[in-house]
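This report concerns only the one structure given below.
The values are calculated or read from the model by the stated rules, or taken from the named source; none is laboratory data. These figures come from a predicted structure and were not determined experimentally. Reconstructed Cβ throughout: ideal geometry from the backbone, glycine too, with neighbour counts over all protein chains shown. The protein model used for the area step is the full one, side chains on, heavy atoms only, and it has no ligands, DNA or RNA in it. Shrake-Rupley method; radii C 1.70, N 1.55, O 1.52, S 1.80 Å.
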Amino acid sequence: MNKKGFIFDLDGVIVDTAKYHYLAWKALANELGFDITLEQNEQLKGVSRVRSLEIILGWGNTTLSQEQFTTYMAEKNDKYLSHIAQMDAGEILPDVPKILNYLQETQQGIALGSASKNARKILQKVGLFEVFHGIVDGNDVSKAKPDPEVFLIAAQQLNKVPTDCIVFEDSVAGVTAANTAGMISIGIGFKETLGHADYVFNDFTEIQTSFINELINR
Ligand code: B16
Ligand code: MG
């Protein structure tokens, strides 16, 4: 059987940590005297921590000194981590284990490609750390998605050429990054927003192992 590299984004693909990011950013915005909505939070998905705070400050028409910026970033992360501390395997999104098990059974390469600097911690909390042969996160890259760097490093870790890699992504920038890397992109979410992906599914319950087999044997 062929061996391919399967690269997973974390937030929005394996777990839904967006709700925890939202709670932490909202608390910070409130502290600064304004609020952020769930719709606005959508625009922060897949975006780095630094860039997220810049965007939020723009929404609130607020500027901070460099020192304050650093303090608020740390404060946000502490709040976020207090939510992460409560996570367990029950937070893995539906049918993700089904696909991971199938990839393990067929001995495919499995890697993580996430913008989060907390990715390793989260994988440990939900008990998936050992499943991944490669992990590339926000600590390992110099250029954020839509730059393909994160996925190209993941492919290297799996010893695969980009054209033998398949990426699962929920963010617009992440799908663009996978396409630019020359990989097959699978959008997890809405067709309206992820129409540039090679395939789009609402979630993993819509993905059959027969489809994974097709990808493996392409
Ligand atoms: P952290 P992903 C991304 O994860 C999140 O979607 C995004 O909302 C977050 O700001 C970013 O990670 C950085 O996270 O503050 O933990 O370093 O979707 O790329 O797995
Ligand atoms: Mg994501």
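Summary table
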read-out: All helices (runs of 4 or more DSSP H) inside segment 66-125 with 2 or more residues being among the basic types (Lys, Arg); value: 66-84, 119-125
read-out: Complete set of residues in segment 20-50 that are within 13 Å of ligand 2 (Cβ to nearest atom), of a type in the set (S, T, N, Q) and in a helix (DSSP H, G or I); value: ASN41
read-out: Hey, GLU192 under 25 Å from GLU42 (Cβ atoms) and in a helix (DSSP H, G or I) or not; value: yes
read-out: LEU57 vs. criteria within 27 Å of SER142 (Cα to Cα), touching a Ser or Thr at 6+ places or on another chain (Cβ under 8 Å) and away from ligand 2 (no atom under 16 Å from the Cβ); value: yes
read-out: Matching residues in segment 30-41 - criterion: being in contact with a Ser or Thr (Cβ under 9 Å, 6 or more places away or on another chain) and at negative phi; value: LEU32, PHE34
read-out: Filtered residue count, segment 145-181, keeping only those that are outside any helix (DSSP H, G or I) and within 12 Å of ligand 1 (Cβ to nearest atom); value: 7
read-out: Residue list for segment 81-116, filter: touching a Lys or Arg at 6+ places or on another chain (Cβ under 7 Å) and either surrounded by fewer than 16 Cβ atoms within 10 Å (Cβ to Cβ) or free of Cβ contacts under 8 Å to residues at least 40 places away in the same chain (or both); value: ASP88, GLN107
read-out: Residue tally, condition open to solvent by 10 Å² or more (accessible area, probe 1.4 Å), farther than 22 Å from ASP88 by Cβ and of a type in the set (A, V, I, L, M), over segment 117-143; value: 1
read-out: Matching entry among ILE135, ILE99, ILE92 (being within 28 Å of ASN217 (Cβ to Cβ), away from ligand 1 (no atom under 15 Å from the Cβ) and out of contact with any Cys (no Cβ under 9 Å at 6 or more places or on another chain)); value: ILE99
read-out: Test result for ILE110, of a type in the set (Val, Ile, Thr) and away from ligand 2 (no atom under 16 Å from the Cβ); value: yes
read-out: Boolean, VAL175 is free of Cβ contacts under 8 Å to residues at least 24 places away in the same chain and either open to solvent by less than 10 Å² (accessible area, probe 1.4 Å) or more than 24 Å from ASN2 (Cβ to Cβ) (or both); value: yes
read-out: Test result for LEU53, within 12 Å of LEU10 (Cβ to Cβ), open to solvent by less than 30 Å² (accessible area, probe 1.4 Å) and in a helix (DSSP H, G or I); value: no
read-out: Check on ASN30, open to solvent by 60 Å² or more (accessible area, probe 1.4 Å), away from ligand 1 (no atom under 14 Å from the Cβ) and closer than 30 Å to ILE110 by Cβ; value: no
read-out: Of all residues making up segment 1-19, the number that are open to solvent by 20 Å² or more (accessible area, probe 1.4 Å), of a type in the set (Asp, Glu) and in a loop (DSSP other than H, G, I, E, B); value: 1
